[in-house]
């Protein structure tokens, strides 16, 4: 039983790993996914947003004590949305 618990925890830790992109790698990925011009926003702006919000880190989180919310991910989407 302990072995299954440990195996489960190990598998879970592998599943939740994030990725830190390089700038050009992120730009290629966003372009491939159709984000260039999405809602009128250029690819350069999406990449700039990711740089300054999370340093291209998909696992980034930021707790905001004022409204007790948390920002998540590469674009720091707020938990209140």
Extension reserve of the residue 68-residue 32 stretch, reckoned as 0.36 nm per residue once the Cα distance is removed: 9.4 nm
Rotationally averaged projected area of the chain (alpha carbon convex hull; nm²): 7.6
Mean ellipticity per residue at 222 nm, deg cm²/dmol - from DSSP H runs of n ≥ 4 across the chain, formula -39500 (n - 2.57): -14000 deg cm²/dmol
Neighbour-count order for 39, 23, 32, fewest beta carbons within 10 angstrom listed first: 39, 32, 23
Which of 56, 63 has the fewest Cβ neighbours within 10 Å, and the rest in rising order: 63, 56
Residue order, fewest to most beta carbons within 10 Å, for 46, 52: 52, 46
Degrees separating the helix 43-54 axis from the principal Cα axis of the chain, which is the longest one: 40
Cα long-axis angle, helix 2-15 against the chain (0 to 90 degrees, to the nearest 10): 10
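Laboratory data are not the source of any read-out in this text; all were calculated from the coordinates shown. Fair warning: this is a prediction, and the values are worked out from it, not measured in the lab. FYI the Cβ positions are ideal-geometry reconstructions off the backbone, even for glycines, and counts take in every protein chain you see.
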